[in-house]
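Below: one structure, written as structure tokens.
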Amino acid sequence: MALDLKLYQRRSIATLARYFDEARISNAATAFANQVEDGLRTEYSPLAGLPEVPYVCLRIPTGGGKTVMGAHIIRVAGRSYLDREYPLVLWLVPTTQIKKQTLDAFKNARHPYRVELDEAFNGNVTVFDIGEFTQIRPADLGTKVCVVIATVAALRVNDTEGRKVYQHNENLEPHFGGVSGSIEGLERGENGKALHSFANLLAIHRPLIITDEAHNATTPLSYEVYKRLSPAAVVELTATPDISSSNILVSVSAFELKTEHMIKFPILLKEHHDDWRAAISSAVARRKTLATLAMKEDDFVRPILLVQAENARGAATVEEVKKHLIDDDGVAETAIAIATGDQRELDGVDLFAKDCPIEVVITKQALKEGWDCSFAYIFASVAQVRSDKDVQQLLGRVLRMPYATLRRQDELNRAYAHVVSDSFGTAAAELTRSLEQIGFNPLEAASAVRREAEGTGKSGSLELTGGGAVEPEPPVTRMEVSKAPDLESIPEGDSGKIVFTPNDEGRGGVVTVTGEVSESSIDALVAAAAPKKQDEARDTMRRHHVAVMMTKAPSQRGLVFRVPRLCMMEQGELELVDEGAVHEDFAWDPLEYPADLSSLRLKEDSMTFEIKLQNQKVEYKATKDDAALYLPGFAQDRSITDLLGWLDHEIRETNIRQPVLREWIRQAVNGLTKTGWSLAQLLKAQFVLRRKLEEQLMLGKAKAYKAGFQHTLFGGGAVIETPDDDRYDFVYPADVSQYPARNPYMGSYRFDKHYYPLVGDLRERTGRGDEAEEFQCARVVDLLDEVKFWVRNLVAPNQFWMPTSRQRTYPDFVVELNDGRRLVVEYKGGDRFSNEDSQEKRNVGELWARRSGGRALYVMVQKVDEKGRGMREQILAAIHGDT
């Protein structure tokens, strides 16, 4: 049985599908600019030498299940861009270990990854190691999805001589029988003829390339590999892309992973002052406690402790750690495994097996890349914690949640770290930095690491109680500098918060910062760092600022933020009005909305399909390359019944009986045949035809539901109200870890009244360097005396939404006023203010406010309205009733 995709996975796949759809009818760069998620870089960086090839990255944090998305990526690429039922896929991974794991998963018919592939393509799937390329038959390339798994290194070479994938191979000759020798870009032998090589075969078929852990494939030679293989599209998957150059189409937050129970969160940190034995013993005790709790779980869970020992020059070597575990902590030797370069005691061990005895794994540096065991709960480092790759990898190993399911015992929903530190607070800062480097954003990282007070067993972060918030101690950050900072010109209030302690050599020292300090003080501290470390110093102070805000935000002080919602009466009960809400007896009939295919034309001379979409003339180019020889979809021995059967299988719509939908499809195709389309032409256009029919079906549904929605809400079709009843209110989660900020605001203006410590998905500047208008609106809200607090409302399931006829809409800003009323502020710039979509949102928002009995207000703001009022005046007019 296939796995159900998580919400963020479905969102990512849907965005990718829209991108491919648009790239198919426009170009890769335009599609990217239009489909990239808000808050991400919109400038497109094309592949060198392949500017027209779609090239995007999906940013999925560690533990987010990137591989399981592969089947769906393949399917949407085939349907939306490649025009192939069965694409050829080259799946690239960074290491041989990960390749082995990926192959084992995809070749195992029972593994969820393979099940996903089989269900997506009705079992027509074949998986190959790149070393098995001679086993690929010509027939496979037209009737099955062929997935070839390889390391980047297998293809990334300066000199192709000697590499089997680039060499002439007689076993591949059947693939080249009908291939033209004039195809550009193929590697050729001394006689000028194209080599019968696997690389050339890939180039002919223009594969979909999926690159896993893509941050490992960013060298010029890696990009040269892409160019050699002439991919049709490239999709990269990674937790840590280069945000300055990667085409990040989708960015998933760690909060979203937590919401879907993919990761353990938060990480409870306990620091041990220069005592590695105490750190180990404490971690062992923690493991025993978790093991006892795990016995109460429905699923089998055996918590595992990962220990990072020191190298041979340290005191806490692998041998010493193991000896301490056995002699002092009573851990059985059979329960300990050592995983280092020399000792590979985990090889061949199934850590998920119920009879597996392993409780503790000792390593010196990183575990082998790709090692994945969700039973790992505790990370113990006996070396001084450093922000390096080893810490990042080990930390990532304890984040995955067993079975991606919330545990009944809350202690098993968290991860744990026990570290040796010579300065309390240092480890928290370094682990926070490491979390950022494995895909967490600054707000998520700051909220993820919670220090445990020594001897209390409780988190040292802010605790909320029924009587209000406990005032936390101000955050403390220590930072090395190369010289004494110039503190003469800093604000007087900051002087007592900054202490400089020179080192013994008298050259530099350590700065200790306690609590909130001004921007000018931060600048002075950064300037005191060594020139090459000033960026790192600013990042350190940025994290300090995040920690300060964590203690000040209304959400952290126990203030509840609830918002009334729009409801309607159904069968004597109030129900939330959701997207496309219609009366209970509403039904739509697609036969009342026949497909309009009048804009679909075929030019026989060029095999080019033309479609007009949204008043634009767009060309759809049919497959013309030699790979078409393999495509059964263009075969001439199929009947009209075969085509109708294929369309019937491909096109689905919930709540419409398939016989009705089948008749709708039949009428549409019949209409084309009556206007002169031959069967051969229809078969050539089958993928374009499918897309056009799906578009027409959605247009018909949208028209039907919009009419039904308008009648229900505004035409007396239902009783609508915004009840004064807590049971129907939306409540923002007070836990900052539930605020799904994928790209937190990090601008120069400091927001004082935001409900959460940082503002999510808000940019201070546009790409041109101007102040962004949404930012200006947020600043206006933050500065109003009438505002108690407010939130940047995000597009996520746990955020406030209002219904429209097609979807849920998420207003930009939701405000609690000092007088207790709630204000929703929606910002629309330029011509968006008056378009049909905005008008519908405005109608719903104003209905929500009218039905609230004066408890709620709604305003849609533009930069300057028709009365010449700016944003501030428009919002104040809504608050004070001056319309």
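At-a-glance table
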{"read-out": "Of the GluC sites (Glu not before Pro) in region 1-107, those whose Cβ has at most 15 other Cβ within 10 Å and which sit in DSSP loop", "value": "E43, E52"}
{"read-out": "FRET E, pair F730, N122, Förster distance 51 Å, beta-carbon r, rounded to 0.05", "value": "0.75"}
{"read-out": "Ratio Rg/Rh, restricted to region 11-252 and using Cα atoms, in which Rh is the Kirkwood radius", "value": "0.94"}
{"read-out": "Region 62-176, Cα convex hull volume normalised per residue, Å³", "value": "125"}
{"read-out": "Prolate/oblate/rounded label for region 671-717 (Cα gyration tensor, a/c 1.5)", "value": "prolate"}
{"read-out": "Cβ-derived FRET efficiency at R0 22 Å, D752 paired with T512, nearest 0.05", "value": "0.30"}
{"read-out": "Cα gyration tensor, region 736-874 - rounded (a/c under 1.5), prolate or oblate", "value": "rounded"}
{"read-out": "Projected-area average for region 476-552 over all orientations - Cα convex hull basis, square nanometres", "value": "4.8"}
{"read-out": "Net charge dipole size for region 11-252 [Lys, Arg +1 and Asp, Glu -1 on Cβ; Debye, nearest 20]", "value": "320"}
{"read-out": "Most positive-pole-ward Cα, L16, F379, G515, against dipole of the chain from beta carbon charges", "value": "L16"}
{"read-out": "With eigenvalues of the C-alpha gyration tensor scaled by 5 and rooted, region 1-149, Å", "value": "26, 18, 15"}
{"read-out": "For region 254-269, Karplus couplings with θ = phi - 60° (6.51, -1.76, 1.60), whole Hz, Gly/Pro x", "value": "5, 4, 5, 5, 5, 4, 8, 6, 7, 10, 7, 7, x, 9, 8, 9"}
{"read-out": "Full-extension gain in nm, E695 to L7, via 0.36 nm per residue minus C-alpha separation", "value": "245.3 nm"}
{"read-out": "Computed label-point distance, nm, for sites Q710 and A530 using a 7 Å Cα→Cβ extension", "value": "6.8"}
{"read-out": "Förster-model FRET efficiency, 51 Å R0, E190 and N27, C-beta, rounded to 0.05", "value": "0.85"}
{"read-out": "Positive-end residue, the chain charge dipole about Cα centroid, Cβ charges, pick of L351, A33, V825", "value": "A33"}
{"read-out": "Relative contact order [Cα under 8 Å, 6+ residues apart], region 756-851, whole percent", "value": "20"}
{"read-out": "Share antiparallel - DSSP beta bridges, the chain, percent rounded to 5", "value": "45"}
{"read-out": "Percentage relative contact order, the chain, counting C-alpha pairs under 8 Å, at least six apart", "value": "10"}
{"read-out": "Contour excess over end-to-end distance, with Cα ends at V499 and D350 and 0.36 nm allotted per residue", "value": "48.5 nm"}
{"read-out": "Segment E866-I640, length gained on full extension (0.36 nm per residue, minus Cα span)", "value": "75.6 nm"}
{"read-out": "Cα gyration tensor of the chain - equivalent ellipsoid semi-axes, whole Å, descending", "value": "47, 40, 26"}
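Read-outs throughout are calculated quantities, based only on the coordinates presented, and are distinct from any laboratory measurement. None of the values given here were measured: they were computed from a predicted structure. Neighbour counts run over all protein chains shown; Cβ positions are idealised from the backbone, glycine included.
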